[in-house]
1. When the convex hull of the Cα atoms of region 1-55 is projected onto a plane and the area is averaged over all directions, what value comes out in nm²?
2. Exposure proxy check: Met96, Met33 ranked by fewest other beta carbons within 10 Å?
3. Cross-link list Lys112/Lys195; Lys104/Lys217; Lys179/Lys217; Lys138/Lys259; Lys181/Lys207; Lys57/Lys112: which exceed 23 angstrom alpha carbon to alpha carbon?
4. At q = 0.18 Å⁻¹, what log₁₀ I(q)/I(0) does region 92-199 have when each alpha carbon counts as one equal point scatterer in the Debye sum?
5. Considering the alpha-carbon set of region 61-140 alone, what are its Rg and its Dmax in angstrom?
6. Label region 1-140 by shape, choosing from rounded, prolate and oblate, from the square roots a ≥ b ≥ c of the eigenvalues of the Cα gyration tensor; if a/c is under 1.5 it is rounded, and otherwise prolate applies when a/b is larger than b/c, oblate when it is not.
Amino acid sequence: MHNRLYRRLLYCRYADDFVIGVIGSRKEAEQIMNEVRTFIHTKLKLSIAEEKSGIRKSCETTRFLGYDIKCVTQSRIIKLPVSGRHTTKQSIVEQMQLHIPQEKLQKFCHSKGYGNYQSLVAIHRRGTSELSVAEIIKVYNAELRGIANYYALANLAKGQLTKLFYVGFYSLLKTLAFKQKTSIPEIRRRLSNGKGRYAHTVTNGLKTYTVQVFQLKDFIPGNVSYGNIDLLPNTTIYTSGSTELTKRMLAGMCEYCGKVNGYWEVHHVRALKDVQDGKEPWQKITDSTGFCVFDPCQQMRMKTSY
């Protein structure tokens, strides 16, 4: 028997942000919102940011965690049997989709100094020109890979990220051209392998280390790791050291314990006293998990991901 009181409800929460989707009338949505507001005030003793809260139709855009959520209505003609005869009928399909706000990408492009997002005019980043070529590429890779992974859940994510990756790629080329006092076509020729890929190779004796430029074609939207999708990329390892990262990786020696030629492990900072006075600056800088970000043991592990 059909239950008239049944309502389909979807709920998603991250930290103190949450969104509730309900298939029902506006009156029912207002009732749910009042009940939630009462629970938060009376049980949790918290207040709601009224300027960020509200009720919207499914066809309207709702901003949640940097995504735009909206319901897209699509109509199509289907064939089905009716009273023993095959006929055609218009079918209306509503689908919830996640989209990337263009103003978010524009803000990211401006904050990183890539250039003008709207006019697709890239500029060089003078602040990173003091780094080595490999480290400059790694900085761009970490930034672009980070925002691409964050928006991997969006509908047609690659198409929406095209403009940002275009400006970011030419900003990288202009930065390298500015550093090496040459032209952009020359930089493309040096990095290109002739197959639409770009990479920089560093050689130290018999050892070779290759840094590949992260491109939009390398981004796989379906390959999402929900455990770390919202983690910001850590670019400190590329900008805080006086010694080039590639030279330290090619050295094959742990700067923390002095071990050479593996087996490699990650040194964990177990107490704050371990990084107090008497330690080198690179030993005091730790990432969010407590690992020494300047430990080549960890860098050897990172080598496989870039």
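1. Dividing the Cα hull surface by four gives the mean projection, 4.6 nm².
2. Values: Met96 12, Met33 16.
Going from sparsest to densest Cβ surroundings: Met96, Met33.
3. Result: Lys112/Lys195; Lys179/Lys217; Lys138/Lys259; Lys181/Lys207; Lys57/Lys112 exceed 23 Å.
4. -0.90
5. Spelled out, the Cα radius of gyration and Dmax of region 61-140 are 23.6, 77 Å.
6. oblate
Computed from the coordinates by the stated procedures, all read-outs in this text should not be read as laboratory data. If you're wondering where the values come from, they're calculated on a predicted model, not measured in any experiment. With ideal geometry, Cβ positions are generated from the backbone for all residues, glycine too; neighbour counts draw on all protein chains shown.
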